[in-house]
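Below you'll find the structure, written out as structure tokens, and then a few comments.
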Amino acid sequence: MVSMETLVSLCKRRGFVFQSSEIYGGIGSSWDYGPLGVELRNKIKRVWWRDFVQRRPDMLGLDASILMHPTVWKASGHVDNFTDPMVDCRECRHRFRVDQLAETPWVHYCPATKGNKFTIPAGGACSHCGAARTLCPDCGKGELTPPRQFNLMFKTLMGPVEEDAAVTYLRPETAQGIFVNFDNVLQSMRRKLPFGIGQIGKAFRNEITPGNFIFRTREFEQMEIEYFVNPHETVEGRPADEYWHDRWIEDCLAWFRRYGIQSDNLRLHEHARDELAHYAKRTADVQYRFPIGWSELMGIANRTDFDLKQHAKFSGKALTYFDEERKEHVVPYVIEPSAGVDRALLAFLADAYREEEVRGEKRVVLRFHPELAPVSVAVLPLLKKRDDIVRTAHAIRDELSRDLTVVYDDTAAIGRLYRRQDEVGTPYCVTVDVQTVGDSDKGEPADGKVTIRDRDSMEQIRVEAARLAQVIGDLLRGTAWAEVAAGAGRS
Ligand code: GAP
């Protein structure tokens, strides 16, 4: 498995992710997505939206605002319950989550070795004096304060005059925007249960211990679905909520596999009773084997009727569905598949990373699924001094870029250009050479063909430039390279 340092370095060098406000020394746990990062991010969101919202007849979309009525957060339980217990070091002022203290290596000045400094692995004891950690893990000197509850929501003021302004919060999850719009969507779109509402948007949490690159940040993006089911119905002999919970778990796992995540790197984690959120009947996390170890990639929770009932109670509005068959009003149960865009991006990146040896040299390649690759096609002229070759390459770039992310590059020799594209995961390179345009000085006619190089096999085929858009389109839609190559003839 690739290390986090390698990924961070690749991301910076190749324009995927930069430290936020870097020229000012950076700001903790905030990251900016560069030219390739934003393409990858947008493509992850696009295929998620297409597969889970657009293509499903039982799904609809929504884009709710980040700032909501403050009572939303009272009703949802976030004001009272969205807290982490934390302790502070009285000496160095470093803040820790209580539940993570046991997982943190700690600094120890050992009295049995004249106060020598040691770093002891998480949860371990000093091998010289046998002491276990009691002081600050970071400085090894300060006493820790008793635990205090720390609310993770960012508070903000709404309105131009500070004294009169209403306190509200940056949303800590997109989910509540869906719950408060349940009736609007139901009435305007006339849906029958079960149906779901999907949303992609930013969320903010004042995490005590953010870190591990883009894994845990204070500003991140979620792709969430609230899927409403009739709790009085059964499907295949099971309560509808339980049936749909399992279906969503399967669908989410299949989605990550479909876009290239290796099955061995995915597993399910069922929340134990004491791990469950206050609203959940059952939660299963999809975990990924990140460079930091197995960690949550997304959660799929059965939130029961908790949220709709809470919002009905606090707003005084009925949030029910009329079951025509049973002639009764019901409060739907909710299944919630909730994924982080940033964590999905980190998983796709880590999973795609390979170091291979090609003709005695190291090749770094990101084997992204073609639909996720930040650049779909790179157009490369073999000779940048030949105007006709450059002109043809630009014309091809212009044509392909109507539907695809395409780059033109003539800043190095062809072998180097291929390596650069491999390193950012571009599935296909198109080369324009002398044969494409012909050589009138030598009396060689143009054959009008260009070379397509496949990133994974590094094989090359020649196709007529006139057919290029169609061939590339077929490849990106999933036609196997071998099939296309058989039709074209390898070069
Ligand atoms: N509405 C349910 C909910 O928000 P969650 O498990 O707290 O549940 C869902 O968050 C997903 O959002 C997580 O599985 C993760 O992918 C992402 N996520 C949560 N906190 C995050 C953070 N601080 N940084 C990056 N992603 C985060």
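Filter the stretch 280-306 down to residues that are polar (S, T, N, Q) and either more than 10 Å from the ligand (Cβ to nearest atom) or not in a strand (DSSP E or B) (or both) and give me whichever is most open to solvent (accessible area, probe 1.4 Å). Spell out the reasoning first.
Keep residues of the stretch 280-306 that are polar (S, T, N, Q), which gives 283, 287, 295, 302, 304.
When the remaining residues are screened for being either more than 10 Å from the ligand (Cβ to nearest atom) or not in a strand (DSSP E or B) (or both), the result is 302, 304.
Numbers: N302: 3, T304: 24 Å².
Among residues in the stretch 280-306 that are polar (S, T, N, Q) and either more than 10 Å from the ligand (Cβ to nearest atom) or not in a strand (DSSP E or B) (or both), the one most open to solvent (accessible area, probe 1.4 Å) is T304.
Of the residues that sit in the stretch 307-321 and are open to solvent by less than 20 Å² (accessible area, probe 1.4 Å) and either more than 16 Å from the ligand (Cβ to nearest atom) or under 27 Å from the mean Cα position of the chain (by Cα) (or both), which one is nearest to N184 (Cα to Cα)?
L319
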Those residues of the stretch 176-207 which are assigned to a loop (DSSP other than H, G, I, E, B), surrounded by 19 or more Cβ atoms within 10 Å (Cβ to Cβ) and within 13 Å of the ligand (Cβ to nearest atom) amount to R205
- prompt: Has the stretch 332-347 got at least one residue that is more than 16 Å from the ligand (Cβ to nearest atom) and at pLDDT 95 or above?
  reply: yes
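For V2, indicate whether it is part of a loop (DSSP other than H, G, I, E, B), open to solvent by less than 40 Å² (accessible area, probe 1.4 Å) and either of a type in the set (A, V, I, L, M) or closer than 30 Å to L186 by Cβ (or both).
Details: part of a loop (DSSP other than H, G, I, E, B): yes; open to solvent by less than 40 Å² (accessible area, probe 1.4 Å): yes; either of a type in the set (A, V, I, L, M) or closer than 30 Å to L186 by Cβ (or both): yes.
Answer is yes for this residue.
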Within the stretch 119-136, the residues that are open to solvent by 60 Å² or more (accessible area, probe 1.4 Å) and not in a loop (DSSP other than H, G, I, E, B) are T119
Pairing a residue in the stretch 222-244 that is among the small types (G, A, S) with any residue that is in a strand (DSSP E or B) and modelled with pLDDT of 95 or more, where Cβ atoms lie under 7 Å and the two sit 6 or more apart in sequence or on different chains, gives A240/V229; A240/T234
The residue that is surrounded by the fewest Cβ atoms within 10 Å (Cβ to Cβ), considering only those in the stretch 253-279 that are modelled with pLDDT under 95 and within 15 Å of the ligand (Cβ to nearest atom), is H278
In the stretch 143-175, residues that are outside any loop (DSSP other than H, G, I, E, B) and surrounded by fewer than 20 Cβ atoms within 10 Å (Cβ to Cβ) total 11
Of (1) open to solvent by less than 70 Å² (accessible area, probe 1.4 Å); (2) farther than 26 Å from K192 by Cα; (3) in contact (Cβ under 8 Å) with a residue 60 or more places away in the chain, T104 satisfies every one except (3)
Note on K327: of the conditions (1) more than 15 Å from the ligand (Cβ to nearest atom); (2) within 26 Å of V47 (Cα to Cα); (3) without any contact (Cβ under 8 Å) to a residue 60 or more places away in the chain, unmet is (2)
Among the residues in the stretch 388-405, are any in a helix (DSSP H, G or I) and within 16 Å of the ligand (Cβ to nearest atom)? no
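The values are calculated or read from the model by the stated rules, or taken from the named source; none is laboratory data. Everything quoted here is computed from the prediction, not taken from an experiment. Backbone-built Cβ (ideal geometry, glycine too); neighbour counts: all protein chains shown. Side chains included, ligands, DNA and RNA excluded: accessible areas come from the protein's heavy atoms. Shrake-Rupley method; radii C 1.70, N 1.55, O 1.52, S 1.80 Å.
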